[in-house]
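Please treat every number below as a calculation from the coordinates, not as lab data. In this text the structure is predicted, and so the values were computed from the model without any measurement. Please note: Cβ atoms are built from the backbone with ideal geometry, for glycine as well, and neighbour counts cover all protein chains shown.
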Amino acid sequence: MAAAQGIPVLILKEGTQRSYGREAMRNNILAAQVLAEMLKTSLGPRGLDKMLIDSFGDVTVTNDGATIVKEMEVQHPAAKLLVEIAKAQDAEVGDGTTSVVVLAGALLEKAEALLEQNIHPSIIIDGYTKAMNKALEILDKIAMPVDVNNDENLRKIAYTTIGSKYAGQGPEKDKMVDLAVNAIKIVAEPKPEGGFNVDLDNIKIEKKKGESLMDSVLVRGIVLDKEVVHPGMPRRVEHAKIAVLDAPLEIQKPDITTKIRVSDVDQLDSFLDEETKILKDMVDQIAATGANVVITQKGIDDVAQHFLAKKGILAVRRAKRSDIEKLAKATGAKIVTSVRDLKPESLGYADLVEERKVGNDKMVFIEGAKNPRSVTILLRGANDMLLDEAERNLNDVLHALRNIMREPKIVGGGGAPEVEIAMQLRDYAATIGGKEQLAIEAFADALETIPSVLAESAGMDPLDTVMQLRSLHSKKLTFAGVDVLNSKTAENMLDINVYEPLLVKKQVIKGASEAAIALLKIDDLIAAAPPKE
Ligand code: ADP
C-alpha cells in the first residue's frame, strides 16, 4: 500500500494543457464571441470591409464573411468550429456566412449569462434545441411562395443579388442576369415533390481576356481554354466519340538519368523505332475503340500527335483536372488512367467538337453533349480584375437562383424574420415554463442581434430600432425590418425588394444553433503541447 503513495500517475503527456468544467466552457465561449464580434461590423449592405494580410504579406480586402474566416488563421479550437460552420454554410448555400457566425456568437453570449445564473448546460441545450425547431417551423409558416417558372421572378432575384454592384452600368447588369437566369433554367431538374434540383457543377465559368463583358456568351456544353495540339488534326468533328484520359501519350521517362550505350547506328535506329512503335500502338488502341476525339489531362508526344493526326483524331492535351471531370460528366465518358483500359464504352458523346477563335486565342467547344444540362458561361472582359469580379458576382447570383429554385420560397430581409421568430418564441417559451423557458427566451434575444447589428451599421439606435420593430410585428407586420440603405424601419421588407431565400435563412438558424449547442456540450479542453522546435 505504502509503496503506491506519492507515485504520480501520468495519463497525459507532459506539457498538455487542460481546462475543464465552467472554465473550459468560458474559454470556448469567449473565443467564439471574439470571432463573432469581429464579423458583426461586416454584416449587411453597409457592412465594413476587413483588410487581411497573410503571412506572405498578400492583402485581401473584403466584407464577405466566408472569405474573412477562410483567410484568418484562427488558433482557438472553439473559434475554429465557427470557421467550419461558416465554411459549411458557404458550401451548402453560398450565402449567410456572416450571419451564421454573428448569430452563433449571440447564442453563446446569452448562454453564458444563463450559465452565470447556475443553469446547467444540458438545460440550455434542451431549450436551444426546442427553440431551433420551433424557429424553423415558424420560418416555414411565414415564408412566401415564389413562382420560379416565371422568368420575371428569377430575374428579380438575380437583380437583388447583384444589387449595387455594377451601379450605373445597366446593360452589363442585364447581361449578367440574362446569363445566370438562362444557365440556371437549362441546368434545373424538376423534383417530383416540387421545386428543382440544381447542380451548379453543371455550370462551368470560363474567363477569357479580351472584348467586353457584353460579349460574354452562354454555351450549351463545355468550353476548354485549349487548342487542338497538331496542325494536321481536324478542327471540327461531328458526332464526336470522346476519349477522356488522365494518361500521357508519351513514353514514360525514368526518374533517374539512364544511359543507354549504343554501339552502332542500326542499334540507335531500332531503339528509336521501338519508341515510335509504342506510341503508334497507343494511338492504334485509341482508334480501335472508335474514338475520334482525345482529351487528356497529361501530355501528348510529337510522334503520338502525328499518328493521331493521321487517323483524323482531334486531340487536346494538358486539360485542367476540373475540366476533365466536368467533361466526363457532361459527355458520359469515363476518365481512363491508362490507354490500355480504354474501351468503346468508356467514350463520351457530343454532337460537335470544334476549335474556334475567341479574341486572339483558340478555344475548344464541346457542344450537344450527352448530358443536356451541362453549360459553360464564357465571360469576356478587358482585364483579369474585371473578369474575376464578374465571376464572383455571377457565382453569387447563381447560388441565389439555385437556392430559390430548390425551395421556391422567400422571407423578408433586414432582420424581419428574426424579430418575428423572437416574438413567437417568447409566446412559445411561456408554454414550456421552468428554466428551459429562460433558455428559449435567451434564444429569442440572440436572434434580435441581427436587426440590432443592421440598425447600428445604418447609424440608427439599435435598441430603439428593435423596440420599434417589435411593436410593428405585434401589429402583424410579419416582414417589418431595418431598411439599412435609408436608415429607417420598413413595414414590409418585400415592398422594398429586400428578401432572402427561405433555404438560406433556415440554414443560418440551424448552423448557428448547432454550433452553439456543440460548444455547450464541451466541458473539457485538453490541448497537447505544441511540438518542440
Ligand atoms: P451574409 O454573409 O450573412 O449573407 P451579408 O453581409 O450579405 O451577410 O448580410 C446579410 C444580411 O443583411 C441579411 O440579414 C439581409 O437581410 C440583410 N440585408 C441585405 N440587404 C439589405 C438591405 N438593403 N436592407 C436591409 N437589410 C439588408
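Remarks
- Considering only the range 225-358, percent of DSSP beta bridges that pair antiparallel, nearest 5: 40 percent
- Principal axis dimensions, the range 220-337 - Cα atoms, whole angstrom, descending: 58, 29, 23
- Cα-based shape type of the chain, given that a ≥ b ≥ c are square roots of the gyration tensor eigenvalues and the cut on a/c is 1.5: oblate
- Residues 487, 216, arranged from fewest to most other Cβ atoms within 10 angstrom of their Cβ, appear as 487, 216.
- Dividing the summed helix terms, -39500 (n - 2.57) for each DSSP H run of n ≥ 4, by the number of residues in the chain produces a 222 nm estimate of -15500 deg cm²/dmol to the nearest 500.
- Cα long-axis angle, helix 434-447 against the chain (0 to 90 degrees, to the nearest 10): 60 degrees
- Antiparallel DSSP beta bridges within the chain, percent to nearest 5: 70 percent
- Length gained on full extension, residue 147 to residue 272, computed as 0.36 nm times the residue gap minus the Cα-Cα distance: 38.3 nm.
- Options 457, 188, 43, ranked by Cα towards positive dipole end of the chain, top entry (Cβ charges): 188
- Helix 22-40 and the longest principal axis of the Cα set of the chain meet at an angle near 70°.
- Sorting 95, 58, 445, 201 from the fewest to the most surrounding beta carbons within 10 angstrom yields 58, 201, 445, 95.
- Basic side chains Lys and Arg get +1 at the Cβ, acidic Asp and Glu get -1 at the Cβ, and with that the dipole of the chain about its Cα centre reaches some 800 debye.
- Rounded tilt (10° steps) of 502-520 against the dominant C-alpha axis of the chain: 70 degrees
- Under 20 Å from residue 435, Cα to Cα: lysines that are on another chain or at least 8 residues apart: 110, 130, 134, 521
- Set of the range 350-368 residues, backbone N closer than 20 Å to the point 7 Å along the Cα-Cβ line of residue 239: 350-355, 366-368
- For 48, 114, the sequence from fewest to most other C-beta atoms within 10 Å is 48, 114.
- Total charge dipole magnitude, the range 225-358, about the Cα centre, Cβ charges on Lys, Arg, Asp, Glu only, Debye to nearest 20: 560 debye
- Cα centroid separation - the range 102-160 against the range 205-249, whole Å: 45 Å
- Cβ-based net charge around residue 109, under 15 Å, with every Lys or Arg adding one and every Asp or Glu removing one: -3
- Of interest is the spacing of the C-alpha centroids, which for the range 369-436 and the range 1-78 amounts to 28 Å.
- Available extension along the chain between residue 120 and residue 392 is 93.4 nm, counting 0.36 nm per residue and deducting the alpha carbon span.
- At an R0 of 22 angstrom, the distance between the Cβ atoms of residue 357 and residue 285 translates into a FRET efficiency of 0.10.
- Computed over neighbours whose Cβ is under 9 Å from that of residue 29, the net charge equals -1, Lys and Arg +1, Asp and Glu -1.
- Modelled spin-label separation between residue 9 and residue 227, with each label point placed 7 Å from Cα along the Cα-to-Cβ direction: 7.5 nm.
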